[in-house]
Amino acid sequence: MHGIVHKTLKEYVVDQTDDDTWDTIVDRADLEPKLYLPVTRYDDAEIDAILEAVSEMATQDRRAIERDVGRQLAPELLSTFSAHVRRDWAVSEFLASLEPIYENVDAATDDASLPTLTSRLESDHAVVTYETHRDTRYCGMAHGILEGVVAAFDGDATVTETACIDDGSDACQFRVDFA
């Protein structure tokens, strides 16, 4: 997985708690402490182990934690891939451009582990579909990223999950209703 996810997860934990708690989580996850670099790829097993340790120690379930991390990750992704995004767009314009942006990022990163994203824009909403080949689906994180994108574009929109891989659907699907 892209290191920006690992880095953001660590920042999320430290923001919610402190550095000592992060160290405890790394220890419980049976990982070696390391500096996560945003441009390096790391094993998905590290994210899974950390998320499991966090959810065991927290009052939230893992999916809620993933969603929170996704919200925090969205501005990081937008900043990292800012060459592909116009900051003067409305959230609907961003979502309408999501597939070409994603194709450009996918081509630039040459990362075969990226999920597949599609977006369909209607008059008052967008439908975003998220498919992944990963063993762990990270549907909560995808939901949070969409919510974080809405917030980053100062959008007045609501993101609702309408289908989920974890519930037997072929893909996760989210409806973004514009106010």
Of all strands (runs of 3 or more DSSP E) fully inside the range 75-179, the set with 3 or more residues that are open to solvent by 40 Å² or more (accessible area, probe 1.4 Å) and at pLDDT below 95 is 116-121
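When you look at Arg71, is it within 18 Å of the chain's Cα centre (by Cα), of a type in the set (Lys, Arg) and at pLDDT below 95, yes or no? Let's see the steps before the verdict.
Details: within 18 Å of the chain's Cα centre (by Cα): yes; of a type in the set (Lys, Arg): yes; at pLDDT below 95: no.
No; evaluated as a whole, the condition is false for this residue.
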Over the range 30-57, the set of residues open to solvent by 30 Å² or more (accessible area, probe 1.4 Å) and among the polar types (S, T, N, Q) is Thr40
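The values are calculated or read from the model by the stated rules, or taken from the named source; none is laboratory data. None of these values were measured; they are calculated from a predicted model. Keep in mind that these areas ignore ligands, DNA and RNA; they rest on the heavy atoms of the full protein, side chains included. Shrake-Rupley method; radii C 1.70, N 1.55, O 1.52, S 1.80 Å.
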